[in-house]
Every structure is written in C-alpha cells, then in structure tokens.
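Engineer: Pasting in a structure now, in structure tokens, and then I'll have a few things to ask.
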Amino acid sequence: MDDESRKHLRQCWGCDCDGESHKLGVRPVGATRATVEKIADGIEKLTGYRPPTCPWRAMWDPLVGPIIDIARMGEEVPGAPALRDDDPQILWDAVNVYLRAKRSVLRSDEAEEIKRLQAQRKKT
Ligand SMILES: [Zn+2]
C-alpha cells in the first residue's frame, strides 16, 4: 500500500494516527469508506465498542498495552495474581472489557470454523 492509499484509509477512518489525515475534517465516501464502516460494524458487533478511529490507534492509549499484558498473565499463569484487590477500578474494568471482547472474538472464530467445516463436509 502506498502513502496516498494509507492516507486515504486514515481519512476514511477519521483517524489522526499520522498526525494530519484527520485534518480534512470530513470522511471521504466511496468503496474504502464502505469497507471501513463494515470493519467498524464487525468490531462493534463482536466487542460492543465501535472504534472511533482506526483500531490500531487504540494501541497509543497508555493503558492498552499493560492491560493486554495483565490479561495474558492472568490467562497464561493459572493462579497468578494479575490484579490485586486494591488495584484501581479502571484496571479491573479495562481487563474485563479486554477479556469479554477476546472471548467474543474467539466464539465468533469458532462458529465460523464450524460453518466452514460443515460446508466442506457437504461438498464431499
Ligand atoms: Zn489510525
């Protein structure tokens, strides 16, 4: 993808991740915008949250990386105290949001895989 295509994609998301594409002030219409809306619809349907910018922009939030690390630690090391009772509520809330979204995506992926396998069986 060339620089102009990336800039157009950022404009369609209304994203400021390159520091300038959002300055257009309006989001372009067309095929790329329609694709962006479908992706945002899918993310909202799966997670309950519609991304206000491109999904990668969320990684700029100083909480996101540590929350993913905390959630992974809790999943990968059974019994490990990823959060303590006296940790700030925002950390508990953020980990819960992340884990709910992750479970929803995994369930959706499993359902799609089952559909794919059933369709494959019908062909044979
Ligand atoms: Zn972006």
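Engineer: Does R33 count as more than 24 Å from D109 (Cβ to Cβ), in contact with an Asp or Glu (Cβ under 9 Å, 6 or more places away or on another chain) and free of Cβ contacts under 8 Å to residues at least 60 places away in the same chain? Outline the logic, then answer.
Structural biologist: Values: more than 24 Å from D109 (Cβ to Cβ): yes; in contact with an Asp or Glu (Cβ under 9 Å, 6 or more places away or on another chain): no; free of Cβ contacts under 8 Å to residues at least 60 places away in the same chain: yes.
Answer is no for this residue.
Engineer: Can you spot a residue in segment 71-89 that is within 13 Å of the chain's Cα centre (by Cα) and more than 16 Å from the ligand (Cβ to nearest atom)?
Structural biologist: Within segment 71-89, the first condition is being within 13 Å of the chain's Cα centre (by Cα), and the residues that meet it are none.
No: segment 71-89 contains no residue that is within 13 Å of the chain's Cα centre (by Cα) and more than 16 Å from the ligand (Cβ to nearest atom).
Engineer: For residues that are in a helix (DSSP H, G or I) and either touching a residue at least 24 places away in the same chain (Cβ under 8 Å) or touching a Lys or Arg at 6+ places or on another chain (Cβ under 9 Å) (or both), tally how many sit in segment 76-102.
Structural biologist: 10
Engineer: Here is a check on your reading of the model: is G48 touching a helix residue (DSSP H, G or I) at 6+ places or on another chain (Cβ under 9 Å), away from the ligand (no atom under 12 Å from the Cβ) and in contact (Cβ under 8 Å) with a residue 40 or more places away in the chain?
Structural biologist: yes
Engineer: Output the residues belonging to segment 87-124 that are among the β-branched types (V, I, T) and either more than 19 Å from P62 (Cβ to Cβ) or touching a helix residue (DSSP H, G or I) at 6+ places or on another chain (Cβ under 7 Å) (or both).
Structural biologist: V95, V105, I114, T124
Engineer: In segment 4-21, which residues are without any contact (Cβ under 8 Å) to a residue 24 or more places away in the chain and within 14 Å of the ligand (Cβ to nearest atom)? Please lay out each step first, then the result.
Structural biologist: Start the filter on segment 4-21 by keeping residues that are without any contact (Cβ under 8 Å) to a residue 24 or more places away in the chain, which leaves 4-7, 11, 18-21.
Answer for segment 4-21, where residues must be without any contact (Cβ under 8 Å) to a residue 24 or more places away in the chain and within 14 Å of the ligand (Cβ to nearest atom): S5, R6, K7, Q11, D18, G19, E20, S21.
A short reminder: the numbers here are calculations on the coordinates, not readings from a lab. Everything numeric here is computed off the predicted structure, so don't read it as measured data. All Cβ positions, even for glycine, are placed from backbone atoms using ideal geometry, and neighbour counts span all protein chains on display.
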